[in-house]
Amino acid sequence: MTLPISPRLISFLVVTALGLAALLIMPMFLDSFSLLQATLFVAVAILALSQAFLWGYAGILSFGQAAFFGIGGYTYAVGVINFGDSTGAIALSMVIPAAVAALLGYFMFYGRISDAYVGVITLTVTTILYELSNSTSGDQYRIGSAQLGGFNGMPGLAPFNLPGQPDQWLDEKGTWYVAMGALLLIYILLRGLLSTWFGRVVVAIRENETRAMLVGYDVRFYKLVAFSISGGIAGLGGCIYAAWGGFVNPSVFALSMSAQAIVSVLVGGIGTLVGAIAGAVIIQALINLSGTQSIIDPSLGIGIILVVFVILVPQGLLPSISALVSKLKPKPAPQRLGHETQEVKP
Amino acid sequence: MTLVPLIDAKSITMRFGGVTAVRNVNFTLAESELRCLIGPNGAGKSTFFKILTGQLHPTEGRVAFRGTDTTRAEPHEIARLGVGIKTQVPNVFDGLTVFDNVLVAAQRKRTGPTARKIVEEVLERVRLTGIASRLVGQLAHGQRQWVEIATVLSQEPDLILLDEPAAGMNNEEVRRTAELIKEINKTQAVIVVEHDMAFIRMIAKTVTVFAQGAVLVEGNVDAVLSDQRVRDVYLGRTAA
């Protein structure tokens with residue numbers, strides 16, 4: 001008897017194997033500079049993953065993932081300066097954004113505001129945080145021994161260190177292992193979460209909130225939890241970003257950061273996790289590329305990519321490739337009973 | 001000992017601005033009862049269903065389910081008490097498979113293999129096993145109605161509300177639906193809203209007639225359907 005292996009399980013195993021290969025092989029072939037660049041790609045990929053989970057699976061379009069990304073970055077900065085150790089700072093950079101997301105989510109979802117206003121509120125909160133962080137340039141704006149620094153931000157942050165050993169700093173390779181390992185782990189955990197009853201309910205709510213309520217689910221609670229998880233993931237992205245650059249400033253709260261996450265998901269395809277990772281890598285590569293020229297502004301470039309994808313590849317890269325592959329494959333005989341979750345939106 | 005009714009709605013009034021959709025309705029339903037609600041379009045039947053399921057909170061009056069006040073309860077709280085509803089327009093998870101639609105409802109109460117077993121049984125019961133892996137959004141209207149009925153059944157509710165279950169179905173499907181409702185009613189209470197009088201005759205014992213938001217008449221199906229006032233409201237004449 002052969003055990004049935006679903007296409008989703010195959011794709012999960014392939015992506016995990018590729019991620020593991022990238023984790024182990026890239027440090028062997030890339031020089032320090034390229035590996036640092038790759039770490040930046042991972043940080044924005046984690047941000048995109050938070051957006052992909054929230055938007056593609058929970059159906060909540062947040063225009064403010066940069067808020068949690070930025071809070072994660074600042075939390076790491078404040079934590080590592082005060083503790084002198086990155087271990088607790090990394091943990092807090094997930095916990096604090098998740099808690100802020102839970103608080104914000106409580107008012108949004110239990111206040112029963114419409115989806116459009118969720119977008120408006122998340123956008124507004126990000127803008128407020130941007131302005132707030134810009135206005136912290138005085139000596140009085142400090143948390144413990146960490147001075148927030150206003151427009152100039154917080155430079156000279158310590159990189160990651162071995163857990164509990166603040167003197168053992170990680171080099172580019174070590175930082176890469178932590179960052180890429182985190183991306184891979186988040187991907188695996190999200191896939192796992194989506195295959196549980198909780199994931200099924202979250203996707204069901206995206207499909208039809210009223211029906212989900214009528215079968216007995218408190219939609220507000222599930223949205224709140226999904227929003228909080230997404231905030232924690234974005235926060236970890238911000239933490240890696242801060243550790244990568246050794247600094248954090250108000251630009252982490254910039255609207256272009258939120259836009260980058262949204263466009264990454266659109267490019268990769270809504271309703272896939274790996275698509276968002278691919279989209280984030282493509283967008284960040286184009287931003288880096290546009291930095292070497294002065295003809296097109298990077299933000300304008302992102303806008304052009306968005307328009308091109310919406311018109312030419314509206315489903316995004318991964319779903320389009322997947323549709324093409326299934327068209328080319330010979331059709332299997334009809335199944336009598338199938339238990340697989342189809343989570344891709346029609 | 002006094003038996004507590006399954007549903008006890010007292011003096012229910014629902015106003016939307018200046019429009020009164022439901023007017024001073026008193027309604028009780030006993031355990032395991034099958035009741036049909038009829039009435040012309042706009043009579044307030046679907047609004048009354050929304051009040052019973054918590055989708056609307058009445059402007060006045062009180063609703064109780066087995067003695068528990070549900071007047072201001074949320075839809076998920078009422079569902080958890082044991083009320084399931086198939087709405088007038090198919091209300092399903094279009095992007096999920098038939099199996100997963102039903103599983104989402106079943107797993108609210110049951111876990112793992114037990115939930116899956118219930119889903120398989122329910123799908124067999126409503127003859128959807130053959131299309132279990134199809135996306136619901138790709139199905140025809142009639143099939144989507146069956147998916148919704150299967151979803152409600154897998155909730156294992158004590159009271160099932162069916163809003164126009166036979167709408168858009170062919171004669172064979174209508175007959176099957178009537179049989180299914182009678183079978184369901186062996187273990188669960190059912191309230192059916194329907195326009196099709198032939199269908200009502202197939203299933204009903206007691207009928208409540210709604211007209212202009214109020215209960216016009218209630219009683220035995222034959223007596224009600226031969227009542228001149230009922231004929232008048234269906235013909236568009238003003239009720240006496």
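Within segment B:142-152, does at least one residue satisfy the condition of being in contact (Cβ under 8 Å) with a residue 12 or more places away in the chain, among the hydroxyl-bearing types (Ser, Thr, Tyr) and either within 13 Å of another protein chain (Cβ to nearest Cβ) or under 18 Å from B:ARG35 (Cβ atoms) (or both)? Looking for residues that are in contact (Cβ under 8 Å) with a residue 12 or more places away in the chain, among the hydroxyl-bearing types (Ser, Thr, Tyr) and either within 13 Å of another protein chain (Cβ to nearest Cβ) or under 18 Å from B:ARG35 (Cβ atoms) (or both), one finds at least one in segment B:142-152, hence yes.
Here B:ARG110 passes the criteria (1) part of a loop (DSSP other than H, G, I, E, B); (2) modelled with pLDDT of 95 or more except the one numbered (2).
Rundown of residues vs (1) crowded, with 22+ Cβ neighbours inside 10 Å; (2) assigned by TED's automatic domain parsing to the domain that holds B:LEU162; (3) farther than 27 Å from B:MET202 by Cβ, yes/no style:
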position	(1), (2), (3)
B:LYS10	no, no, yes
B:PRO40	no, yes, no
B:LEU103	yes, no, yes
B:ARG110	no, no, yes
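Return the residue satisfying two criteria in turn: it lies in segment A:176-216 and is among the polar types (S, T, N, Q) and either away from chain B (no Cβ under 14 Å) or in a loop (DSSP other than H, G, I, E, B) (or both), and of such residues it is surrounded by the fewest Cβ atoms within 10 Å (Cβ to Cβ). Out of the qualifying residues, it is A:THR196. Reported count of residues in segment B:45-101, each being part of a loop (DSSP other than H, G, I, E, B), closer than 28 Å to B:THR129 by Cβ and within 10 Å of another protein chain (Cβ to nearest Cβ), is 9. The listed residues are A:GLY153, A:GLY138, and the only one of them that is exposed (fewer than 13 other Cβ atoms within 10 Å of the Cβ) and of a type outside the set (Lys, Arg) turns out to be A:GLY138. Restricting the search to segment A:283-297, which residues are without any contact (Cβ under 8 Å) to a residue 24 or more places away in the chain and either in contact with a helix residue (DSSP H, G or I) (Cβ under 7 Å, 6 or more places away or on another chain) or more than 20 Å from A:LEU317 (Cβ to Cβ) (or both)? The answer is A:LEU286, A:SER290, A:GLY291, A:THR292, A:GLN293, A:SER294, A:ILE295, A:ILE296, A:ASP297. Scanning segment B:117-139 for residues that are touching a residue at least 12 places away in the same chain (Cβ under 8 Å) and at the interface with chain A (Cβ under 7 Å from one of its Cβ atoms), which turns out farthest from the chain's Cα centre (by Cα)? Only one residue fits best here, namely B:SER133. Only one entry of B:LYS10, B:LYS50 meets the criterion of being of a type in the set (Lys, Arg), over 21 Å from B:GLU148 (Cβ atoms) and modelled with pLDDT of 95 or more, and that entry is B:LYS10.
Number of residues in segment A:90-107 that are farther than 12 Å from A:PHE68 by Cα and in contact (Cβ under 8 Å) with a residue 60 or more places away in the chain equals 3.
In segment A:98-108, how many residues are over 15 Å from A:TRP55 (Cα atoms) and surrounded by 14 or more Cβ atoms within 10 Å (Cβ to Cβ)?
7
Among the helices (runs of 4 or more DSSP H) confined to segment B:125-240, the ones with at least 3 residues that are farther than 25 Å from A:TYR217 by Cβ are located at B:171-184, B:197-203, B:221-225, B:228-234. Beta carbons closer than 8 Å, at least 6 apart along the sequence or on distinct chains, pair a first residue in segment B:78-90 that is farther than 16 Å from B:VAL63 by Cα with a second that is aromatic (Phe, Trp, Tyr) for B:ILE85/B:PHE49; B:THR87/B:PHE49.
The values are calculated or read from the model by the stated rules, or taken from the named source; none is laboratory data. Bear in mind the structure is a predicted one, so any value in this text is a computation, not a measurement. Cβ sites come from the backbone with ideal geometry, for glycine too, and all protein chains shown count toward neighbours.
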